[in-house]
Each structure stands twice: as structure tokens, then as C-alpha cells.
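A quick write-up on the structure given underneath.
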Protein chains: 2
Amino acid sequence: MAAVTDAKTNVAATAPARGRRSASFLNPGLILDAAMAIIERDGPDGLTFRRLGISLKADHTAVLRHFGSKDDLLIALAGRLMDVALEGFAPEGEWRETLLSLARRVRSAALAHPGVAVLVSARSARRPSVLGAADAAIGALRQAGLSVQDAALYYQVLADTAMAAAAYEAATLNLDSDARDGDELAWRREYLAAPPQRYPHLASAAPHLADIDNEREFEALMGLLLDAVEVRAQRARDADANGHDGR
Amino acid sequence: MAAVTDAKTNVAATAPARGRRSASFLNPGLILDAAMAIIERDGPDGLTFRRLGISLKADHTAVLRHFGSKDDLLIALAGRLMDVALEGFAPEGEWRETLLSLARRVRSAALAHPGVAVLVSARSARRPSVLGAADAAIGALRQAGLSVQDAALYYQVLADTAMAAAAYEAATLNLDSDARDGDELAWRREYLAAPPQRYPHLASAAPHLADIDNEREFEALMGLLLDAVEVRAQRARDADANGHDGR
DNA sequence: CGGCGTTGGCTACGGCGTTGACATTGCTGT
DNA sequence: ACAGCAATGTCAACGCCGTAGCCAACGCCG
């Protein structure tokens, strides 16, 4: 039809109908920014190439020139999230503060971008910032008095637990916003309604369960872990002091 | 082509071409079984109504008569996974064993069905079996000597941490199987290649990081948490013994 | 035995990720 | 200066996906 051709030639008159518009006006940083904005606005399921294209005023397939697949895009988002989390981090004086600070940073980043966090959890980003954080964390554990082996093990535990807890919390945040079928609130109400003769402990604890918020829970988790690490470090130091071989 | 009409009439001759085939040959249990089988075979992304239909020898839209949406199906899967995890559970004599057993059950179920676990994580299933487990866990913490408030708090921490850790591990398992772009293995190799002058602690710990397997990490996590809980319970009991008010 | 709710089949719609062909741009070496 | 070429954006199309609407067969209840 003429209309179609008209539209085509019309565009061609004002700007190139095909071929690139200018020297690479799309670039990975721009795309990642747009993607994060879309996720924050529409949730994790709202991120599609087509919407990305609209937001960037480009064809949706143009994004594929910079990220080979949606998976690549998600991996890049994971990297950006980690960079945001660790931006400006430097080890504190006290080993415990260093580790707490790292854990809180991971959680904060996940809560600030819950949609991103849930998309990329367990997608360990290979980045310099992460290497620096790992080095600082292991250094802190060594400073506490742990052996290299123990420092390695507990670093892994602490890092993975912080990531897992942050992703878990982010996942519930996403649910609350886009599928408010009372997945969490009704849950706690159900605890309160538990038959006391059948679930006596649960019934007596239910009122206290109701007023645990996520932050307090996270702090309690990290407190428990760091306390236990401290105890083991103390034991290791004691053993080290009693003659130069342990035991 | 005659073949198409032939096929139709052929089916009509042997069995009804339309309308239901027999009294409700589809039911939720059957559908859930098929869904779990598909996820285990094809991974979490392999679960679609169409494949479910093929596997059940039914039209894919027939499943919607039993589960109003895919979300409903996932929630039902979450419930089934929790039931599998807690099947046959009974509290042990020792409080620590009770809590460890619950955590290991959650992890085992998640690893046995990683695709399901990652689909439904943070989708807390409202089920009797979960209520029973919660009651047993809180009872164990009370038995250890904690106050009701502390038992509630630490129950929440332990339960959520076990679920989060299990889901996290399941997520990495799924990645390893369907996107073997070396997300985990290359990661550890990168640790080994870290420049020692820039990341001294990391470099010295890298060889030990390499031989931490997932199970050891999970056991270390639970060991740390339970140790810390034990210390706090001990403190609470001591305080209780010194005059009947704490402090 | 006649209506009617339940359940399954079919068609269709809009949206998704991804591919392949094509056009335009800007850099390259000579 | 200019041919060649890689990079980058556009377009059309493919095969999936979830789900809505309508129709047909079955079992049940009056």
C-alpha cells in the first residue's frame, strides 16, 4: 500500500530509514541504566527487549548488538549491582566492622534494587570490586586470629550467606509489590491463629514473631555468625599461645 | 489435505474429539507430578503449560481448569516441595539435632528438586507440615534455654537462613546444568589467578577456597549459627540462675 | 429424562527472545 | 582519495509463551 511506502520514504527524508543513526548512540552503560530504571518501575518481569527499545528510542533488536542475549544482559546487571554495593568500600579498623559493613552493603544494594537482585542472585559477578572485597574480608578474618584454612571457609560462608539472605529478602519484597495475594502478611496471621493445644510453642511465640522486621532479622543473623566466628578465633589464638603447635 | 480431516474423524471414531475424555482424568496431584518431572528433566524454564499438556496427553489449556494461572501452579509446587522436605519429620531428643535435622531436610529437598526450589523460593507455603516444623523448632530453642522472645527471633533467623541458603545453592546448581558458561568454576580459577601483591589475603587463601564443597559450607554455616545460639542460651540460663530476674 | 455445572478441546491474541537480511556509517590501509 | 570492511541500527519473521473465549461432551441431580 502507498501508506506504508509513504511512511518509509517520509522517515527516509528526515533521517536515515535504515542503518545506524549516528556513531554508536547506544552503548552498554546507557542500556544498563535504562534496564535498571525499567526494573524499578515495572518489576523484574517488566524487563523485556521491546520495552528497553522503547525506552531507548531504538529498535529492540539493537540491544542485541551490545548484549548477545538476555542472559548476557542479566549478567552485566549483576556486575553493576555488585559495583553499586561495593562502591567506596574500604576496610575498617576492626575486623568485625569490616565484615558487618560488607554484609550491610550487599543487603542495601539488594533492597535498593530488589528486582535486579532477584534476577541475578547466585550469578557471582567476576569483577575487580568483588576481588577487593573478598581480600578485605579474608584479611579481617585473619586479623581476628583464624588460620588461613578457617578464614577461607568462613569467608565463603559469610559471603554466600549475606548474598543468599539479601536475595531472599529481595524476593519477598518483589512478591509484596506485584502479587499482593498476602503471601507474607497472611502468613504471620496464620501463625497467630495456630491452635495452641496442637502447636503450643508456636502459639506462645507467635506474638513475638509478628514484630520481627527484616532488618532486625538480618542483624541478628550477622550477629550470630560473627559471634561464633569470634569464639573460634579466640580458641585458635589460645591454642596458638599454648606451645606453637595447636592442641 | 485429507489427512487433517482424516485425523480428526479418526479420533472422533475411537474417542470423543471434543469434550472431556472421561470423568476428570486430570487432577491436581497428577498435574503436579508431571510438572515436577518436567522441571527435573528440562530445568525450571522447561515448565510450560504446553509441555505439561503434552506430558499429560491433554490440551495445554486444560490445566488451567485446575490451576487458575501459572502462579497458582508454582505456589502449589512450593507446597509440595515443603511436604516432601518435612515428610516423616519428628523432633529428636536433643534440641540441636532437631534444628540440624530440619535444616538438612530443607536443603536436601531443594537439592533434590533444584528447579522447583528456585522457582518457589521465598514463596512461604502455608501448610500444616510447616506449622509442625515451626512448633518443633521453637520448642527446641526453648529447650535450649532461650526466652520466648529470643526463641521467636532465632527461629525466624534459622528458618529463613536455611531456606535462603538452600535456594541459593539450588540456583547455582541450575546454572551449572543449563548455562555451563563456567559461572562457578571459572570463578574459583579467577581467585587462584588473583595478583598476590594486590590481593595478598585472597591469594594466600585461594587454594583453600578451591576445596570447599557445598555440603561442607552448609554444615559450617549451621554449625556457626547453632554454636552462637548455644552460647546465648547458656548466658540466658546463667542469668536466670542468678536470682530470678535476668541481669 | 432434561437441564446444568464441570471439565476438556480448539482457536486466537498479544507479547516474548532471537535470527537473518539489509542499510548506513565511520574507520582502515594504501 | 577511496575501496573495503567491521560495527551498528532497522525491519520482518519465526516459534514459543500465557491466557481468554467459546464450544462440546460427560456426569449428576431433580
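The values are calculated or read from the model by the stated rules, or taken from the named source; none is laboratory data. The shown structure was predicted, so the numbers you read here are calculated from the model rather than taken from an experiment. Please note: Cβ atoms are built from the backbone with ideal geometry, for glycine as well, and neighbour counts cover all protein chains shown.
Computed quantities for the displayed model
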item: Residues of region A:36-81 that turn out to be in contact with a Phe, Trp or Tyr (Cβ under 8 Å, 6 or more places away or on another chain) and away from DNA strand D (no atom under 14 Å from the Cβ), as a count; result: 1
item: Subset tally (residues that are within 16 Å of DNA strand C (Cβ to nearest atom) and away from chain B (no Cβ under 14 Å)) for region A:49-91; result: 19
item: Listing of helices (runs of 4 or more DSSP H) fully contained in region B:141-247 that carry 1 or more residues being at pLDDT 95 or above and more than 7 Å from chain A (Cβ to nearest Cβ); result: B:148-178, B:200-210, B:214-241
item: Looking only at region B:29-48, and only at residues there that are under 22 Å from residue A:175 (Cα atoms) and within 12 Å of DNA strand C (Cβ to nearest atom), the one that is surrounded by the most Cβ atoms within 10 Å (Cβ to Cβ); result: B:48
item: Those helices (runs of 4 or more DSSP H) lying entirely in region B:17-121 with at least 2 residues closer than 30 Å to residue A:44 by Cα, modelled with pLDDT of 95 or more and among the aliphatic types (A, V, I, L, M); result: B:28-42, B:49-56, B:70-86, B:95-112
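Yes/no matrix, rows are residues, columns are (1) closer than 26 Å to residue A:127 by Cα; (2) among the small types (Gly, Ala, Ser); (3) touching a strand residue (DSSP E or B) at 6+ places or on another chain (Cβ under 6 Å):
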{"position": "B:192", "(1), (2), (3)": "yes, no, no"}
{"position": "B:198", "(1), (2), (3)": "yes, no, no"}
{"position": "B:207", "(1), (2), (3)": "yes, no, no"}
{"position": "B:214", "(1), (2), (3)": "yes, no, no"}
{"position": "B:218", "(1), (2), (3)": "yes, no, no"}
{"position": "B:222", "(1), (2), (3)": "no, no, no"}
{"position": "B:225", "(1), (2), (3)": "no, no, no"}
{"position": "B:228", "(1), (2), (3)": "no, yes, no"}
{"position": "B:238", "(1), (2), (3)": "no, no, no"}
